[in-house]
Amino acid sequence: MKFNRATRRKLFSHGMTVLTGATVVLVLIPLFWIIYESAILGASVFSLGFFTQNIPAPCSPHPGVTCSTNGVGSAIQGTVYLLLLAALWAVPVGLGAAIFAVEYGGERAIARVISMAADVLSGVPSIVAGMFIYALLIVYYPLLVFSVISGSLALGVIMLPIVMRTSEEALRTIPHSVREAALALGISRWKTSVRIILVAAMPGVLTGVLLSIARAAGEAAPLLLLDNGSLHPCMSVDTVCQSLSLTIYLGATSPSQNWVSIAWGAALILVILVLGLSIVSQLVLNRTARKWGQVG
């Protein structure tokens, strides 16, 4: 076998293919390991009541005593409240900033500053977002420091840069000819931005929203500062409530056996939620790509 130039190039190509394939396997191993462990240890406590009943008191079994693993109904309710309230303010603000940066900022410095601010904010640790909201509320609204409202504000800070950057990229994919055609028909600029460009970019925007929700759903650090959790259902947004991420943290660090089992069940629910949102967002992206490919 002669090691001429063509042979060396083929060997190098095959070697790089094997190397990149090995890195893919290394990336997938932690993902499948997390799913496997969560499924094995979390499915054992799954039942209909696990999704509807409240978290029981901590308990470790011993002779004559059995511990309950009732469920995480209150944690699921609290997670829904936190994510909905966070999305209620983070999505409009992030979307508005993205529209301004793309449609009105142009090549001006303000557009680059907005994009850079979003990039910096996306790299801020989540615990810092919790500290910021804590410091803000402790000065002006101390009664809301430990509440669903404060927790949702911190989660919204985490969601904001994701919504903005993904929406910005989605808006930039719309050809300028669409804007020019709308303006040529006499449609005002703001109507063009909101009713035509935003509608055309909506799949990409929804993808960013879903990804931001998935990102915020697993955050426990800011909630440890702002929403200490509760074993009972959340009755008001100005009181504390439990969440899946807090349930996992408290259960994993608890010496009580039933809370450890509940933590694994909550972890499996959270993994399914994040995985489902990621799959849906990817399907939306693929559908959008096929649509624009057919249009093109």
Structure-derived percent of Cα pairs over 24 Å apart - corresponding label in (i) 63; (ii) 53; (iii) 45: (i)
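Pairs of Cα atoms under 8 Å, at least six residues apart: use those to get the relative contact order of the chain, whole percent.
Numbers: 414 pairs, mean separation 77.2, N = 296.
Computed value for the chain: 26 percent relative contact order.
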Cα centroid of segment 187-251 to Cα centroid of segment 10-55, whole Å: 25
With Cα atoms, 0 to 90° folded angle of helix 202-217 axis to the chain main axis: 30
Principal-axis tilt of helix 5-42 within the chain, Cα atoms, nearest 10 degrees: 30
Candidates Ile213, Ile29, Ile149: whichever shows maximal mean-square fluctuation once the chain is modelled as a Gaussian network with Cα springs under 10 Å: Ile29
Förster-model FRET efficiency, 41 Å R0, Ser47 and Met131, C-beta, rounded to 0.05: 0.60
Dipole axis of segment 73-295 (+1 Lys, Arg; -1 Asp, Glu on Cβ), positive-most option in Ile158, Val113, Gly204: Gly204
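Quick note: the coordinates plus some simple rules give every number you see, no bench work behind them. Being a predicted model, the structure only gives us computed values, none of them experimental. Cβ: placed from backbone, ideal geometry, glycine included. Neighbour counts: every protein chain shown.
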